Structure formats: C-alpha cells, structure tokens
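A short write-up of the structure that comes next.
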Amino acid sequence: MRPMADASPAIAPPEDIASSISDTCVDKAALPAGRMLGLGLLAGAYIGFGSLVAVLIGAGAGELPYGLVQITTGIGFALGLILVLLAGAELFTGNTLMTLPLAQRRIGPGALLRAWSLVWLANLGGALALVLLAIGAGLHLDGDGAFATSAVELAAGKTSKSAGQIVASGMLANMLVCLAVWMAAGAKSAGDKVAVIVPPVAAFVALGLEHSIANMSLLPLGLLAQAVTGAELPAGLSWSAAAANLLWSTLGNIIGGGGLGLAYWALYLRRR
C-alpha cells in the first residue's frame, strides 16, 4: 500500500522519484567533459546569485529579531538552487545523489569521481567569477558599506568552526539540499518545484549549516570585500581558513548527500 502522499497530483510517489533520479544521474555521469564543465560553471554562478541576495538581506535585516533574520536570508538564498534546477546546471552537491545509481551498478566509481571532480572545480570557477563581477560592480559599497560588513561577518562565522563542526554541518546541509533536489525531481510544474525547493534550502541557511558550493562564493566575497574596503579582518578569517572550510564542508556534503542516495536505493531500488 502506498503512502497517502503518493495520491497527490502535485508530486510523484517516492519510488518513481528514485527511478527518475537514478536515470538522471546516469545521464549526468555520461556528459562530455566540456558540457559538464560549462554547466558546472553556470551552477557555481547561480548559487553565487543566491549568496549575493542572502548577504544583501543580512545587511538590511539588523532590526529584525533573531531567527526571523536567518529565515529571511535563507528564503533569499533559495534563488540559487531554483536557478540551478529550473534553468539547468550541474551542481556538485546535488550530484552526490549519484551514489544511488552507483549502488545499482549503473555507473562505476570512475564515472562518479570524474563527474564529482569536474563539477566541483567548475562550480568553484563559476562562483569565483561571479564574486569578482560583484566586486567589480561595486556591490560591496552598497548601503554605505553594510553589504561588505554583512559579507565579512558571514564569512568569519564559517571559518570560526572546527573541522568536526564543519563536517557535521556539511552533512546536515546537503541532506536538506538533496531533499530539495529530490522533491523537485518529482514535482509536476515549475511552481510546484519552487514550492518544494524553498523550505529545505531556507532551513539549511537559517540553521547556519555548511554548503561547500555556497561557501565558494560567500567566503571569497567576504575576504575580497574586506580587502577592498580596508575593514578590520576578523580573527580566523583568511584564505587558508576558507580553503580548509571548503575541504571539510565538501567531505560533509558527500557523506550527507551520498548517504541519502544510498538510503533511497536501499528503500526503493535494491530489489529491482
């Protein structure tokens, strides 16, 4: 007997989503390198747009009570994943669900690692390019420097965490991101996709969790905004600390998203 949610016309039943995700991941793993890199660059930039909106909201939400600021920032950041999933792009964190077809033996470890590594590097390139454009456009000067202050504070909060905290936070973040990807894959219309993307993305941002691809724009944005404005550099915020954050958040994202993919494989596809 299917769960009651399966009867909803707005979203496919979970076993159908599992099959769809598996097929999509197989196709993604087979993309030519050039196309994979191009789509990865776009995803890094798209998530970067979400980062810019989140920083902007954080800069202007100082009078709001704690909690509401974080939720509002998260809703703004959701723009990034909406662009990735509706416009089409390759996002490393969503691609951690490739563990599902890996468990089915539809793709091999080599194909998985190729896709992960190429897309991760491309996401980084797209994120850095967007940050440089944002600085070139003078966004760091907005609000009499409030935008830059918000960017620096966000970045400093991320680099102040221990490696263990970042890994655990990365696991939780990508579970939520992959759930957004999962539900969007089953949604029947663009409006339904947006509706299921926003809540989990807003939740991970509001909770201050670590998403490696978001951090590819948030960390350089904070560091460059500080360097350009000459603001005081918070303790612990440096390029080396940013690199360490990306390392540990990537590991956490792989565990969280990859584990979710394996869980759905075991629940819905293992016996097929």
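Here's the yes/no breakdown for (1) surrounded by 21 or more Cβ atoms within 10 Å (Cβ to Cβ); (2) among the charged types (D, E, K, R); (3) within 23 Å of Thr72 (Cβ to Cβ):
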site: Val205; (1), (2), (3): yes, no, yes
site: Ala214; (1), (2), (3): yes, no, yes
site: Leu218; (1), (2), (3): yes, no, yes
site: Leu223; (1), (2), (3): yes, no, no
site: Ala227; (1), (2), (3): no, no, no
site: Gly230; (1), (2), (3): no, no, no
site: Ser240; (1), (2), (3): no, no, no
site: Leu251; (1), (2), (3): no, no, no
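If you scan segment 77-109, which residues turn out to be more than 16 Å from the chain's Cα centre (by Cα), buried (at least 24 other Cβ atoms within 10 Å of the Cβ) and closer than 17 Å to Met175 by Cα? Quick ask: steps written out before the conclusion?
Taking segment 77-109 first, the residues more than 16 Å from the chain's Cα centre (by Cα) are 99-109.
Those left that are additionally buried (at least 24 other Cβ atoms within 10 Å of the Cβ): 100-101.
Leu100, the sole residue that qualifies.
Might you check whether a residue that is closer than 30 Å to Ile17 by Cα, of a type in the set (A, V, I, L, M, F, W, C) and modelled with pLDDT under 95 occurs anywhere in segment 255-270? Quick ask: steps written out before the conclusion?
The first filter runs over segment 255-270 and keeps only residues closer than 30 Å to Ile17 by Cα, leaving 255-270.
Right, trim to of a type in the set (A, V, I, L, M, F, W, C) and you get 255, 260, 262-263, 265-267, 269.
Right, trim to modelled with pLDDT under 95 and you get 269.
Looking through segment 255-270, at least one residue is closer than 30 Å to Ile17 by Cα, of a type in the set (A, V, I, L, M, F, W, C) and modelled with pLDDT under 95.
Among all residue pairs at least 6 apart or on different chains, which show Cβ distances below 9 Å where the first residue, located in segment 99-113, is touching a residue at least 40 places away in the same chain (Cβ under 8 Å) and the second is among the acidic types (Asp, Glu) and not in a loop (DSSP other than H, G, I, E, B)?
Close Cβ pairs (under 9 Å, with a partner that is among the acidic types (Asp, Glu) and not in a loop (DSSP other than H, G, I, E, B)) amount to Pro101/Asp23; Arg106/Asp23.
Just to be sure, is Leu179 touching a residue at least 24 places away in the same chain (Cβ under 8 Å), closer than 18 Å to Leu79 by Cα and in contact with a helix residue (DSSP H, G or I) (Cβ under 9 Å, 6 or more places away or on another chain)?
Details: touching a residue at least 24 places away in the same chain (Cβ under 8 Å): yes; closer than 18 Å to Leu79 by Cα: yes; in contact with a helix residue (DSSP H, G or I) (Cβ under 9 Å, 6 or more places away or on another chain): yes.
Criteria met by Leu179.
Given the condition of a type in the set (S, T, N, Q), in a helix (DSSP H, G or I) and under 25 Å from Ala89 (Cβ atoms), answer yes or no: does some residue in segment 227-245 qualify?
Step one: list which residues in segment 227-245 are of a type in the set (S, T, N, Q), which gives 229, 238, 240, 245.
Add one more test, that the residue is in a helix (DSSP H, G or I), and what stays is 229, 240, 245.
When the remaining residues are screened for being under 25 Å from Ala89 (Cβ atoms), the result is 245.
Yes - at least one qualifying residue is present in segment 227-245.
For Glu210, indicate whether it is touching a residue at least 24 places away in the same chain (Cβ under 8 Å) and acidic (Asp, Glu).
On the way: touching a residue at least 24 places away in the same chain (Cβ under 8 Å): yes; acidic (Asp, Glu): yes.
In short, yes.
If you check Ala185, Ala168, Ala146, Ala134, which single one turns out to be more than 18 Å from Gly208 (Cα to Cα), surrounded by fewer than 19 Cβ atoms within 10 Å (Cβ to Cβ) and not basic (Lys, Arg)?
Values: Ala185 fails: surrounded by fewer than 19 Cβ atoms within 10 Å (Cβ to Cβ); Ala168 fails: more than 18 Å from Gly208 (Cα to Cα); Ala134 fails: surrounded by fewer than 19 Cβ atoms within 10 Å (Cβ to Cβ).
Residue meeting the stated conditions: Ala146.
In segment 134-172, how many are in a helix (DSSP H, G or I), under 23 Å from Gly60 (Cα atoms) and of a type outside the set (Lys, Arg)? Before the answer, list the steps.
Here is the first cut: in segment 134-172, the ones in a helix (DSSP H, G or I) are 134-136, 139-159, 163-172.
Now narrow it down to the ones that are under 23 Å from Gly60 (Cα atoms): 134-136, 139-159.
Among the residues that remain, those that are also of a type outside the set (Lys, Arg) are: 134-136, 139-157, 159.
So the count comes out to 23.
The values are calculated or read from the model by the stated rules, or taken from the named source; none is laboratory data. Quick caveat: nothing in here was measured; it's all calculated off a predicted structure. Reconstructed Cβ throughout: ideal geometry from the backbone, glycine too, with neighbour counts over all protein chains shown.
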